[in-house]
Ligand code: UT7
């Protein structure tokens, strides 16, 4: 009997309606469209306003329902739902459990997966393992982040980068050898001093002082993170190619985390890939953290063909990073 592999069989996505342009940010902080565009590649990002919906769960639910509609299956058929996120609805109670109930996935168990911008990539590994083991048949992985909930719109070093959004993929067994082929995942906890949120966790619980000191917003030493991201994302993407004897001409698409166009360009260059093989939507959504990878699949689903060799790569807070090689399973 051939080995069971875990393939992505459907994709869904959702971005909020409100578009925050670089010009709008010029009114809020000391920045300009030219700086943001040349340093990051971002032109606009989506922001979830209260009149549209609340919390990352709202985004996740829209993406999940979109996927179920397209795949033509009922929510009751799902065995497991994982929500990859850095902005869960609240501490303690699982956001994924709420999402499962809201979409009617009454036969599923559900939990969240937190690894900053690598949450979705690591979730792909977890979802695939459940499928490969033969234990579950339909695993729904959602990447959802309402980054605007932890952004200080007076801090020009972070507010220009992040946006809100969600994407979802369904993993199912495949006996044609398609789906996840290999992974190279890493973490380095010394990175937490460069990117994170100081207060609100068990280390520094919320007090009036932490709120007054803006410690519930994301902070980033951009220059340091940039250096780690450029070298580590390129390293793992190259390693996965070498380990699988993948020539640059055999890579159909690079699917990179959308943090900064310059990081993406450096990764593609190291892999010897032409820009036409690199999926990008950073100019429209900015960095949506856990949603960047599935939103790329959602935006470019029409271009992906059965048997295509996809290389995913991500880098995020923690630090966490890695690369996954996956064969696309449908047209
Ligand atoms: O997804 C998780 C992982 N995150 C990342 O991968 C992000 C990695 N980092 C980055 O993408 C970049 O470091 C940033 C986009 C955050 C910043 O770009 P940079 O080229 O590293 O800029 P910088 O921090 O070195 O700042 C250069 C200059 C500074 O001015 P001086 O000291 O040269 O006078 C900053 O004060 O640009 C200034 N600056 C800005 N100017 C206009 C910083 N932010 C802004 C801004 N608008 N928004």
Practice prompt. Residue by residue through region 241-264, note down the ones that are more than 17 Å from the chain's Cα centre (by Cα) and under 18 Å from residue 297 (Cβ atoms).
Written response: 251, 252
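Yes/no per residue for (1) in contact (Cβ under 8 Å) with a residue 12 or more places away in the chain; (2) closer than 23 Å to residue 244 by Cβ; (3) crowded, with 19+ Cβ neighbours inside 10 Å; (4) within 16 Å of the ligand (Cβ to nearest atom):
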residue: 257; (1), (2), (3), (4): yes, yes, yes, yes
residue: 260; (1), (2), (3), (4): yes, no, yes, yes
residue: 276; (1), (2), (3), (4): no, yes, no, no
residue: 289; (1), (2), (3), (4): yes, no, yes, yes
residue: 294; (1), (2), (3), (4): yes, yes, yes, yes
residue: 299; (1), (2), (3), (4): yes, no, no, no
residue: 302; (1), (2), (3), (4): no, no, no, no
residue: 327; (1), (2), (3), (4): yes, yes, yes, no
Worksheet item: When you look at residue 99, is it more than 16 Å from the ligand (Cβ to nearest atom), farther than 18 Å from residue 292 by Cα and either free of Cβ contacts under 8 Å to residues at least 40 places away in the same chain or in contact with a strand residue (DSSP E or B) (Cβ under 9 Å, 6 or more places away or on another chain) (or both), yes or no?
Response: yes
Fill in: Residue check, residue 244 surrounded by fewer than 17 Cβ atoms within 10 Å (Cβ to Cβ) and touching a strand residue (DSSP E or B) at 6+ places or on another chain (Cβ under 8 Å)
yes
Practice prompt. For residue 89, state whether it is buried (at least 18 other Cβ atoms within 10 Å of the Cβ) and over 19 Å from residue 287 (Cβ atoms).
Written response: yes
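Yes/no per residue for (1) more than 11 Å from the ligand (Cβ to nearest atom); (2) more than 29 Å from residue 68 (Cα to Cα); (3) within 19 Å of the chain's Cα centre (by Cα):
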position	(1), (2), (3)
4	yes, no, no
18	yes, no, no
34	no, yes, no
40	no, yes, yes
Item to complete: Tally the residues that are closer than 20 Å to residue 48 by Cα and either in contact (Cβ under 8 Å) with a residue 40 or more places away in the chain or part of a helix (DSSP H, G or I) (or both), restricting the search to region 1-28.
Response: 13
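Residue-wise test of (1) at pLDDT 95 or above; (2) more than 16 Å from the ligand (Cβ to nearest atom); (3) part of a loop (DSSP other than H, G, I, E, B).
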| site | (1), (2), (3) |
| --- | --- |
| 107 | yes, yes, yes |
| 112 | yes, yes, no |
| 122 | yes, no, no |
| 131 | yes, yes, no |
| 140 | yes, yes, no |
| 168 | yes, yes, no |
| 173 | yes, yes, no |
| 186 | yes, no, no |
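The values are calculated or read from the model by the stated rules, or taken from the named source; none is laboratory data. Only a predicted model underlies this, so the values are computations on that prediction, with no experimental measurement involved. Virtual Cβ from ideal backbone geometry, glycine too; neighbours counted across all protein chains shown.
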